[in-house]
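Below: the structure, in C-alpha cells.
The values are calculated or read from the model by the stated rules, or taken from the named source; none is laboratory data. Every value quoted in this text rests on a predicted model; they were computed, and no experiment measured them. Every residue, glycine among them, receives a Cβ derived from its backbone with ideal geometry; neighbour counts consider all protein chains shown.
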Amino acid sequence: MRERRCYDEDMPLGRLKRAKDDLPSPDQLRAALGPTLLKAGLRKLSGWRYQARGRSIAKEYRTASFEAAVKLIGRIARLADKADHHPDLHLTRYRRLRVVLTTHSAKGVTQLDLALAAKIDHLLK
C-alpha cells in the first residue's frame, strides 16, 4: 500500500488526525496544503484570498481610526504569540490593516495559517 502524505490534495481532513487523541500532529499542521484542501479551507473564511506569488493568504481590514488599527494589531499580536505563528502586518493609509499569513518552513499555506485566520476574524465579531 502506498503511503499518502498529509499534503495530498485528495486526502480528507479527517485522515490527517492521529487516532490516539484526534489532534493533528505538529508535522501535519505545518505541511503545505494542496489546492483542494486550501480551497476548502478558504471557503470557510470570509474575505481571505490566496496569493500565489507569495504562497500566502491575505485579508485587508479597514478600521474606524488609526488608533483602532493599532489596537487591532495588538490583539492580533497576542493571538499570534499564543499560537507561536506570526503573520505579516501592514498598516497603510492610517487605518487599513493588511494581514498576510504563510508558513515559511512549509513554503506555503498550512492548517496553522487557516486556523489563525479564523481566530483573527473572530476578534472582530
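Tell me, which residue of region 47-79 that is under 12 Å from the mean Cα position of the chain (by Cα) and among the hydroxyl-bearing types (Ser, Thr, Tyr) is surrounded by the most Cβ atoms within 10 Å (Cβ to Cβ)?
Only one residue tops the list, namely Ser56.
Quick test for you: out of Leu38, Leu101, Leu79, pick the one residue that is in contact with a strand residue (DSSP E or B) (Cβ under 6 Å, 6 or more places away or on another chain) and of a type outside the set (S, T, N, Q).
Leu101
Looking at region 80-105 only, could you name the residues that are within 12 Å of the chain's Cα centre (by Cα) and assigned to a strand (DSSP E or B)?
Asp88, Val99, Val100, Leu101, Thr103, listed by residue number.
Output the number of residues of region 33-46 satisfying the condition of being surrounded by 12 or more Cβ atoms within 10 Å (Cβ to Cβ) and more than 19 Å from Asp88 (Cα to Cα). Even if it seems obvious, please write down each step before you answer.
At the first step, the residues of region 33-46 found to be surrounded by 12 or more Cβ atoms within 10 Å (Cβ to Cβ) are 33-34, 36-42, 45.
Then drop every residue that is not more than 19 Å from Asp88 (Cα to Cα), which leaves 33-34, 36-41.
Going through region 33-46 one residue at a time, the tally reaches 8.
For the structure I just gave you, tell me whether Tyr94 is more than 18 Å from Leu124 (Cα to Cα) and at pLDDT below 95.
Yes, satisfied.
Between Thr92, Thr63, Thr102, which is among the β-branched types (Val, Ile, Thr) and without any contact (Cβ under 8 Å) to a residue 12 or more places away in the chain?
Details: Thr63 fails: without any contact (Cβ under 8 Å) to a residue 12 or more places away in the chain; Thr102 fails: without any contact (Cβ under 8 Å) to a residue 12 or more places away in the chain.
Answer to the selection: Thr92.
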